[in-house]
Amino acid sequence: MKITQYDKSGDTFFRYKELEELTSVKQVLNEVRQFGDPAVKKYTRQFDGVALEHLKIEHATIETAYHQEDARTLVVLEAAAQNIRIFAERQLAQLHDFEFEIQPGVFTGQKVIPIERVGVYVPGGRFPLVSTLLMCAIPAKVAGVSEIMVCSPPTHEDSIHPTILAAAKIAGVEEVYQIGGAQAIGAMAYGTQSIKPVDKIVGPGNKYVAYAKKEVYGIVGIDFIAGPTEVLILADESANPAFIAADLLAQAEHDPDAASILVTASLGLAYAVLREVDRQLEHLSTKAIAEQSLENNGRIILVERFEEAVELANRMAPEHLELHVSHPEKYIAELKHYGSLFIGNYAAEVLGDYSSGLNHTLPTNTTARYTGGLSVKDFLKFQTTLNVTSAGLQTIGPTAEELGKLEALSGHVNAVTIRLAHLTSAH
């Protein structure tokens with residue numbers, strides 16, 4: 001990790017990084033749109049080395065995976081799912097239908113309605129990313145989404161890891177497809193002979209998945225375009241160097257492009273954290289990835305005053321923001337932009353990833369400036385209603401007439417005028 005001074009002059013480090021254009025992804029999407037299942041199978045064979053006969057995982061296979069799963073694993077999955085569900089239910093409780101009389105005779109309202117069909121993308125790899133499935137599917141279920149399907153690549157013995165299938169059952173998902181990459185995003189967006197298109201796609205993935213989501217946005221909704229993961233830790237001299245080092249390494253082991261950053265005014269803490277990073281790194285099975293990540297993007301940034309650390313955090317708008325200070329309440333209101341905030345020495349970011357109930361599908365790459373993490377709200381539509389009486393039309397109609405005239409839209413004006421004239425003649 002590098003130790004640097006905070007540069008206020010506009011470091012590119014704090015700027016949005018554009019996605020690399022990937023023409024190969026466009027080709028995959030075009031073929032999936034045109035040919036459907038054959039194109040999906042072709043690219044699964046090409047990219048994953050798996051020749052699929054069927055795209056869909058049979059219900060019996062999901063049931064078998066669940067019943068053959070290790071009992072302790074099921075307990076852990078159920079515990080995580082319970083907290084995710086409770087938190088999502090609490091979010092839903094804040095969102096209501098309503099109708100109120102905004103002016104006499106003018107009844108305005110809101111209806112909160114779930115999206116009908118959602119696709120969840122769960123990345124593949126050597127190990128099952130079960131938490132992603134739970135984090136994406138359970139809030140959708142709580143929101144009332146009637147159809148939830150999951151796509152995940154067949155990277156475990158030419159199929160989906162059985163623990164992912166067990167997690168799908170726990171989340172209440174019965175429709176699962178063993179496909180990944182851009183071809184899975186295309187299949188969810190456009191539909192194929194065996195896959196019904198969805199209304200919205202959620203879930204993280206590699207740069208090919210991210211670019212594919214960007215390309216299909218508009219045809220379907222998406223959560224957001226996730227970049228490499230990041231943690232920003234703000235700490236003072238009261239912080240525990242071992243805790244900070246552990247959290248930096250936990251983020252670094254995700255990906256060589258992950259960003260693990262500490263900001264402090266204490267040079268002593270900076271060096272203590274560096275020593276701890278070196279010590280703990282030796283015991284990680286993921287040492288090679290974490291080491292490369294820290295070399296690429298690991299930083300300890302020194303500031304003169306802690307207020308500068310807050311300023312830096314608001315510029316970066318990090319995915320995960322940790323606050324390791326003696327009096328966190330002094331700064332919480334000043335921190336404006338982050339995916340999730342972790343307050344105090346014991347609120348490890350990893351707890352947000354797994355077991356606290358918070359959603360770990362969060363905005364990266366400065367986009368926390370304008371959005372929060374995945375929530376039950378992402379699976380709902382907020383639709384407005386209007387019911388106007390004759391008295392209400394007489395109250396708000398003239399204002400609409402005048403605005404229509406200002407914008408030179410005579411048809412708009414007429415739509416109100418004709419109604420007001422009707423009321424006059426009726427009397």
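The values are calculated or read from the model by the stated rules, or taken from the named source; none is laboratory data. Every value quoted in this text rests on a predicted model; they were computed, and no experiment measured them. We place every Cβ from the backbone using ideal geometry, glycine too, and count neighbours over all the protein chains shown.
Overview of values
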{"item": "Members of the range 168-197 that are closer than 16 Å to ASP37 by Cβ and in a loop (DSSP other than H, G, I, E, B)", "result": "GLN178, ILE179, GLY180, GLY191, THR192, GLN193, SER194, ILE195, LYS196, PRO197"}
{"item": "Where a residue in the range 411-427 is assigned to a helix (DSSP H, G or I) and at pLDDT 95 or above and its partner, wherever it lies, is of a type in the set (A, V, I, L, M) and surrounded by 11 or more Cβ atoms within 10 Å (Cβ to Cβ), with Cβ under 6 Å and at least six apart", "result": "VAL416/ALA400; ARG419/LEU393"}
{"item": "GLY339 being free of Cβ contacts under 8 Å to residues at least 60 places away in the same chain, touching a Ser or Thr at 6+ places or on another chain (Cβ under 8 Å) and within 30 Å of VAL118 (Cβ to Cβ)", "result": "yes"}
{"item": "In the range 118-150, residue surrounded by the fewest Cβ atoms within 10 Å (Cβ to Cβ) [restricted to those that are more than 21 Å from ASP353 (Cβ to Cβ) and of a type outside the set (A, V, I, L, M)]", "result": "SER146"}
{"item": "In the range 50-71, the residues that are more than 19 Å from MET149 (Cα to Cα), in contact (Cβ under 8 Å) with a residue 12 or more places away in the chain and either surrounded by fewer than 14 Cβ atoms within 10 Å (Cβ to Cβ) or not charged (D, E, K, R) (or both)", "result": "VAL50, GLN68"}
{"item": "Breaking point among (1) surrounded by 24 or more Cβ atoms within 10 Å (Cβ to Cβ); (2) assigned to a helix (DSSP H, G or I); (3) in contact with a His (Cβ under 8 Å, 6 or more places away or on another chain), for LEU248", "result": "(3)"}
{"item": "Any hit, the range 276-284, residues being under 27 Å from PHE224 (Cα atoms), part of a helix (DSSP H, G or I) and of a type in the set (Asp, Glu)", "result": "no"}
{"item": "Of all residues making up the range 314-354, the number that are under 23 Å from GLY205 (Cβ atoms) and part of a loop (DSSP other than H, G, I, E, B)", "result": "5"}
{"item": "Subset of the range 206-227 [in a loop (DSSP other than H, G, I, E, B) and over 20 Å from ALA317 (Cα atoms)]", "result": "ASN206, GLY218, ILE219"}
{"item": "Residue, surrounded by the most Cβ atoms within 10 Å (Cβ to Cβ), within the range 265-305, restricted to residues that are farther than 14 Å from ASP247 by Cβ and acidic (Asp, Glu)", "result": "GLU291"}
{"item": "Residues of the range 360-378 that turn out to be outside any loop (DSSP other than H, G, I, E, B) and surrounded by fewer than 21 Cβ atoms within 10 Å (Cβ to Cβ), as a count", "result": "3"}
{"item": "Condition check for GLU157: modelled with pLDDT under 95 and surrounded by fewer than 18 Cβ atoms within 10 Å (Cβ to Cβ)", "result": "yes"}
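Conditions tested, residue by residue: (1) under 25 Å from ARG15 (Cα atoms); (2) in the same structural domain as GLU334 (by TED's automatic domain parsing).
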{"residue": "ALA212", "(1), (2)": "yes, no"}
{"residue": "TYR217", "(1), (2)": "yes, no"}
{"residue": "ILE233", "(1), (2)": "yes, yes"}
{"residue": "SER238", "(1), (2)": "no, yes"}
{"residue": "HIS254", "(1), (2)": "yes, yes"}
{"residue": "SER260", "(1), (2)": "yes, yes"}
{"residue": "GLY268", "(1), (2)": "no, yes"}
{"residue": "VAL273", "(1), (2)": "no, yes"}
{"residue": "ILE300", "(1), (2)": "yes, yes"}
